[in-house]
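Colleague: Please see the structure below; I have some questions.
Only the coordinates and a few stated rules stand behind these numbers; no lab work does. The shown structure was predicted, so the numbers you read here are calculated from the model rather than taken from an experiment. When we count neighbours, we look across all protein chains shown, and the Cβ atoms used for this are built from the backbone with ideal geometry, even at glycine.
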Amino acid sequence: MADLEAGLRFRVGVHDKQPVGLRSNRHPRVSSRAAFNAQTVAVNEPIDPVVRLAISQWPDDAPRGAVSTFCVEHGISRKSFYELRKRAKVEGPAAALEPRTRRPKSSPSALSDEVKSQAVAVRAALERSGLDHGPISVHDKMRSMGMAQVPSTASLARIFRDAGVARREPKKKPRSAWRRFVYPAPNACWQLDGTEYVLTGGRTCVILQLIDDHSRYAVGSHVAAGETSDAAIAVFDKAVTAHGVPQRLLTDNGPAFNPSRRGRIGQLVEHAHALGVETITGKPYKPTTQGKNERFHQTLFRYLDKQPLADTLAELQAQVDAFDHIYNTERPHQGLPGRVTPLTAWQATPKADAPHPKFGRPLLDPPTPRPRPAQRQPTDLPDGVLARTVSTSGTISVDAVTYMVDVDHAFDQVLVVTDDNTIVIANTEGEVLVEHPRPAPGITYVGNRQPRGPRPTKKTAPSPKS
């Protein structure tokens with residue numbers, strides 16, 4: 001303390017209460033530039049404790065101009081000087097020795113613990129119901145509930161991470177390289193696709209989902225024992241009865257939907273064309289064309305996995321119908337402008353005009369049959385050579401083993417050459433179609449090393465119950 005007081009005597013006379021170096025009652029004028037420099041330094045640098053003590057002990061009868069000179073010499077502003085002097089008089093000299101925190105006294109926008117708890121509770125309720133429970137979904141739900149304070153989606157993401165109920169998932173970051181297409185009006189295009197689910201006892205079934213491309217509105221769903229043409233027509237007719245005839249129907253290339261790329265006319269295609277509907281398909285092995293429907297499957301799985309496992313198709317149909325109602329009317333869709341519900345988007349734009357059936361014209365141009373060699377009934381075959389007729393499914397049977405040839409060779413006559421090591425399948429012209437090593441004992445089916453079935457591999461993650 002003695003050293004501190006000694007330093008003060010250099011700046012302010014403690015005994016005579018007059019600044020050192022002054023010889024008159026008038027103090028030299030301080031230039032405006034010097035005062036400006038002092039204010040600039042004061043903003044960027046903290047005030048030294050020795051200077052603070054000097055200000056707290058500043059004499060009341062100091063000569064005119066002493067404050068300005070003192071501020072310039074020590075690089076502080078006059079405003080800071082008088083604020084410290086006032087604080088020393090009101091609160092005592094010790095209050096002026098340490099700088100006060102710059103933290104605001106209040107933060108009106110800060111989230112209380114109560115609001116954070118409400119956000120976590122809403123997220124948990126959505127998760128238990130099998131609905132989307134990310135920050136965007138929780139934000140929309142809290143807003144629809146009329147809560148007084150609804151955090152932003154970024155704040156909700158931080159709250160969930162701090163609470164340990166969510167984690168960062170950088171793989172879910174949107175890619176700007178993906179271009180999304182959307183039709184301009186409801187009923188301009190519908191998307192149809194099927195996905196497998198299970199009943200009690202591990203029995204599998206198929207859920208056919210039909211959505212409107214423009215609004216994401218679920219126009220129809222149907223639970224069936226398998227993915228068949230009858231089931232596809234049933235869900236299509238159900239949607240047409242409720243919402244009118246669409247202009248287009250987008251499906252994959254499955255035999256139950258649209259096998260036109262395989263040179264055949266499907267029952268659903270004939271049925272849709274009779275109503276004037278244009279049928280279109282995605283590229284083979286490219287399920288992203290039906291990306292809206294694939295994403296729809298995931299949302300359905302999340303909901304169904306939180307429900308009791310259905311025992312019958314009717315019970316599962318009731319669960320799917322309940323999901324469709326929530327999806328259409330209660331759940332804001334993040335893929336729609338303004339994050340509105342599909343029902344709101346469906347009602348916001350007039351429906352596209354229904355197509356007109358074209359009577360008197362063929363529903364589809366008949367597929368051009370591929371040229372086939374003239375069929376000759378094999379006679380006088382040598383030993384080890386067998387004659388077989390390819391079945392409608394593209395297979396033949398030799399020694400209790402089924403061999404896949406190709407469905408395009410249905411009803412063709414083929415020759416089978418066997419020995420102890422290999423089996424060769426050729427047409428009657430001698431062209432080799434399939435060649436295999438002799439299968440091991442116990443094997444009853446041998447494929448043709450081609451992808452089985454026309455449908456691409458699903459990218460939709462299977463349900464845990466599947």
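Colleague: Just the Kirkwood number for region 74-123, please: inverse of mean 1/r across all distinct Cα pairs, in Å, one decimal.
Modeller: 14.4
Colleague: Can you work out the PRE-style zone for R128? Point 7 Å along Cα to Cβ, and I want the residues of region 291-310 with backbone N under 19 Å.
Modeller: 302-309
Colleague: Excluding residues fewer than 8 places away in the same chain, name every one of the aspartates and glutamates whose C-alpha is closer than 18 Å to that of K292.
Modeller: D132, D193, E196, D212, D213, D252, D324
Colleague: Holding the Cα-Cα limit at 21 Å, pick out from K238/K283; K141/K306; K116/K141; K141/K238 the pairs that are longer than that. Mind dumping the intermediate values first?
Modeller: Details: K238/K283 27 Å; K141/K306 19 Å; K116/K141 14 Å; K141/K238 31 Å.
From the list (K238/K283; K141/K306; K116/K141; K141/K238), the Cα-Cα distance tops 21 Å for K238/K283; K141/K238.
Colleague: Give me the number: length gained by fully extending D399 to R102, i.e. 0.36 nm times residue separation minus the C-alpha to C-alpha distance, one decimal in nm.
Modeller: Full extension of this stretch gives 97.9 nm more.
Colleague: Skipping prolines and chain starts, which residues have an amide H placed within reach, meaning under 5 Å, of the one on G220, given they are 5 or more residues away or on another chain?
Modeller: L210
Colleague: Could you state the per residue volume, in Å³, of the convex hull enclosing the Cα atoms of region 381-454?
Modeller: 91
Colleague: What does the extension gain come out to for E429 and K306, with contour length at 0.36 nm per residue minus their alpha carbon separation? Spell out each step's value before the answer.
Modeller: Details: separation 123, 0.36 × 123 = 44.28 nm, distance 5.92 nm.
Stretched out fully, the E429 to K306 stretch lengthens by 38.4 nm.
Colleague: If we sort 190-198, 299-307 on the protection proxy, mean other Cβ atoms within 10 Å, highest first, what's the order?
Modeller: Ranked from most to least packed, the peptides come out as 190-198, 299-307.
Colleague: Points 7 angstrom from Cα along the Cβ direction at A121 and A440: gap in nanometres?
Modeller: A separation of 6.1 nm, rounded to one decimal place.
Colleague: For region 114-170, what Kirkwood radius comes out of the mean inverse Cα-Cα distance, in Å?
Modeller: Values: mean 1/r = 0.0897 Å⁻¹.
After inverting the mean inverse Cα-Cα distance, the result is 11.1 Å.
Colleague: Which of the GluC sites (Glu not before Pro) across region 273-333 are loop residues per DSSP, with 13 or fewer other Cβ within 10 Å?
Modeller: For GluC sites (Glu not before Pro) across region 273-333 that sit outside H, G, I, E and B with at most 13 neighbouring Cβ atoms in 10 Å, the list reads E330.
Colleague: Work out, in µm²/s and without decimals, the Stokes-Einstein translational diffusion coefficient of region 190-348 at 25 °C, 0.890 mPa s, Rh from Kirkwood over C-alpha pairs. Walk me through the numbers on the way to the answer.
Modeller: Values: Rh = 16.0 Å.
This corresponds to a translational diffusion coefficient of 153 µm²/s.
Colleague: Let me ask another. By count of other Cβ within 10 Å, fewest leading, how are L156, L316, L275 ordered? Numbers along the way, then the final one.
Modeller: Working: L156 25, L316 20, L275 16.
Placing the least packed residue first, the sequence is L275, L316, L156.
Colleague: How far, in nm, would the chain grow between D230 and E330 when pulled straight, counting 0.36 nm per residue and subtracting the alpha carbon separation?
Modeller: Length difference between fully extended and current span is 32.9 nm.
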